[in-house]
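Working notes, beginning with the structure itself.
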Amino acid sequence: MQDRMKAIHLLTGGLVLALAGCGPLLGCGQGPVAKSEVDRSDTKPLTLRLRAAPGDAYTYSLKVKMQPVDRDGSLDWTAFWDEKATKVEGETITWDVRFYDVKVTATGVMSGAERQLMQMDGLRVPLTYNSLGHSMDEEGPSGATANVTLPESPVKPGDSWESKMEANNTEVRIQYTFIRRLQHEGKNAVLIEGVLPEGQVAKSVRPGQFILDEANGKILKATAEYEFSSPAKLRMSYEIEQVK
């Protein structure tokens, strides 16, 4: 249980930070964000769901860069993690998640942050999600693995939906918009954009762009950039990619 709670804590501060743009309470930010052009010609509704069979496995790479705006220093963090579906019961999927090859370089005012992030190296934890990407673990944050919270109803390009999650006792809202269908490395995929609504703990500098496998709802690639405003201005960019 101790290892599980340590993993959940690090997942909250790490992957939720990346996927939702919020970890610890870092202040509020507002500002306009440019959005991608929606394919209005596509009017066919699509039902998006997380799907898996026992034994399905994926490997992801993660790259995060954090840099203070007005102070010297930076933090570069890279890691890999494996997800394997170990149990599928109705609408819920349990994944065995293992982190490895974690590398962190921190300089200036960011020095010291690497100690916590390096604790993720070798961590292994089971996490359970429903078909919409919501966490079913009581102590687990929603969206801690490479999942986007999916809409309950069928959507077509231009449709939006909002999701809420808890991160470090802070409620985070993210608004998703279905942008268009596309091909990604030979797979039928969809582009979904995620923006943090105004008045939250951070602002979107570049919208989160999530390319999802249309067949199973899993992320194929995701990028975004956020800015935090307190206690010091901080920019964070990230890239997540399914590599296997």
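For the subset of the range 195-236 comprising residues that are small (Gly, Ala, Ser) and modelled with pLDDT under 90, which member is surrounded by the most Cβ atoms within 10 Å (Cβ to Cβ)?
Filtering first and then ranking leaves 204.
For residues that are out of contact with any helix residue (DSSP H, G or I) (no Cβ under 6 Å at 6 or more places or on another chain), at pLDDT below 65 and assigned to a strand (DSSP E or B), tally how many sit in the range 158-172.
Result for the range 158-172: 2.
Would you point out the residue of the range 102-126, among those that are free of Cβ contacts under 8 Å to residues at least 60 places away in the same chain and assigned to a helix (DSSP H, G or I), that is surrounded by the most Cβ atoms within 10 Å (Cβ to Cβ)?
114
Which condition from (1) at pLDDT below 90; (2) touching a helix residue (DSSP H, G or I) at 6+ places or on another chain (Cβ under 7 Å); (3) of a type in the set (Val, Ile, Thr) is the one that residue 109 breaks?
(2)
Can you name the residue in the range 128-157 that is farther than 26 Å from residue 178 by Cα and either crowded, with 19+ Cβ neighbours inside 10 Å or in contact with a helix residue (DSSP H, G or I) (Cβ under 8 Å, 6 or more places away or on another chain) (or both) and, of all such residues, is modelled with the highest pLDDT?
137
Output the number of the condition that residue 74 fails; it satisfies all remaining conditions of (1) over 15 Å from residue 116 (Cβ atoms); (2) modelled with pLDDT under 90.
Only one criterion is unmet by residue 74, namely (2).
Has the range 80-95 got at least one residue that is outside any strand (DSSP E or B), hydrophobic (A, V, I, L, M, F, W, C) and either touching a residue at least 12 places away in the same chain (Cβ under 8 Å) or closer than 26 Å to residue 221 by Cβ (or both)?
Looking through the range 80-95, none of the residues is outside any strand (DSSP E or B), hydrophobic (A, V, I, L, M, F, W, C) and either touching a residue at least 12 places away in the same chain (Cβ under 8 Å) or closer than 26 Å to residue 221 by Cβ (or both).
How many of the residues making up the range 41-55 are under 24 Å from the mean Cα position of the chain (by Cα) and closer than 17 Å to residue 153 by Cα?
6
The values are calculated or read from the model by the stated rules, or taken from the named source; none is laboratory data. Not measured: the values here are computed from a predicted model. Note: ideal-geometry Cβ built from the backbone for every residue, glycine included; neighbour counts use all protein chains shown.
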